[in-house]
Every structure is written in C-alpha cells, then in structure tokens.
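Structure first, then comments.
Coordinate-derived values only; no laboratory data. On a predicted model such as this, the values are computed, not experimentally measured, just so you know.
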Amino acid sequence: MKTLRYAFWAIVGLCLILIGLANRDVVTVRAMPTALADLLGLSPDIALPLFVVIFLGVGAGLLIGFLWEWVREHRMRAHARVKTREAEALRSEVAQLRGAAAAAKGDDVLALLDKAG
C-alpha cells in the first residue's frame with residue numbers, strides 16, 4: 001500500500017513539474033480591468049510565471065473548498081459534541097448506580113465482579 005501511495009505522489013509531482021516547465025512564460029496578472037484602473041488612477045498588477053498563477057489558483061480553490069466544508073459541517077460537529085457529553089453522563093450514572101447496587105447487596109465479591117464487568 002505504501003508503494004502505491006509513493007507511486008501516486010511521484011506521478012503527481014512529475015505532472016506538476018511538467019506543468020511548471022511547460023508554462024514558464026511571464027504573464028501580467030491584473031486585479032482590476034484596465035478601464036476601471038484608469039478611472040481610479042491605480043493599476044495593481046504583477047508579473048509572474050504562468051505556472052505560479054496556476055498553482056496559486058488551485059491552492060486558493062482548495063483552501064476555499066476546505067473552509068466551506070468545515071463551516072458546512074459545524075452543525076454535525078456540534079451535534080456529536082452534545083451526544084458525547086450525553087454518553088459520558090450516562091456512563092457515569094450507570095457506574096454510580098452499579099456502585100449503589102453493590103453497596104446495597106453487601107456482597108464484596110459480587111461488587112468486584114460488577115465493577116470489572
């Protein structure tokens with residue numbers, strides 16, 4: 001299984017290297033359309049190799065997707081937290097009731113067996 005995982009990541013790395021080598025040309029990335037930049041008098045633009053733009057776009061998409069999924073699953077995590085607290089309270093209540101039942105019986109051997117089970 002490890003070999004398969006290493007082979008997969010080697011193929012992914014090779015593809016990323018090939019994309020980087022094929023897209024080395026420098027492109028200008030503008031934050032605003034030219035007409036709006038001329039109107040406001042500022043032109044925020046930067047020159048980067050195309051593969052950097054591609055990788056930043058994929059990274060930003062992954063980050064936004066992970067954040068979106070984390071926010072979407074908030075309700076499920078909160079529900080699981082409530083159920084975990086409920087289960088812990090019930091466990092402690094059962095342990096307390098077993099101890100009380102063992103004390104009422106007065107038999108130490110049975111109390112030890114109930115506690116172990």
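Odds and ends about this structure:
- The chain: relative contact order as a whole-number percent, Cα under 8 Å and 6+ apart: 16 percent
- Membrane-span-like helices in the chain, defined here as complete DSSP H runs extending at least 24 Å along the helix axis by their C-alpha atoms with mean Kyte-Doolittle hydropathy no lower than -0.5, are 2-22, 50-72; this is a sequence and geometry rule, not a statement about a membrane.
- Rg/Rh for region 1-46, where both radii come from Cα atoms and Rh is the Kirkwood radius: 1.41
- Scaled to the globular estimate 2.2 N^0.38 Å, the Cα spread of the chain, given as radius of gyration, is 2.28.
- Residue separation of I11 and V26 scaled by 0.36 nm, minus their Cα-Cα distance, works out to 2.8 nm of gained length.
- Counted residue by residue at 0.36 nm each, then reduced by the alpha carbon distance between them, the extension gain from Q96 to L40 reaches 12.9 nm.
- Scattering profile of region 16-72 at q = 0.14, 0.18, 0.21, 0.23 Å⁻¹ [log10 I(q)/I(0), Debye over alpha-carbon scatterers]: -0.57, -0.77, -0.84, -0.87
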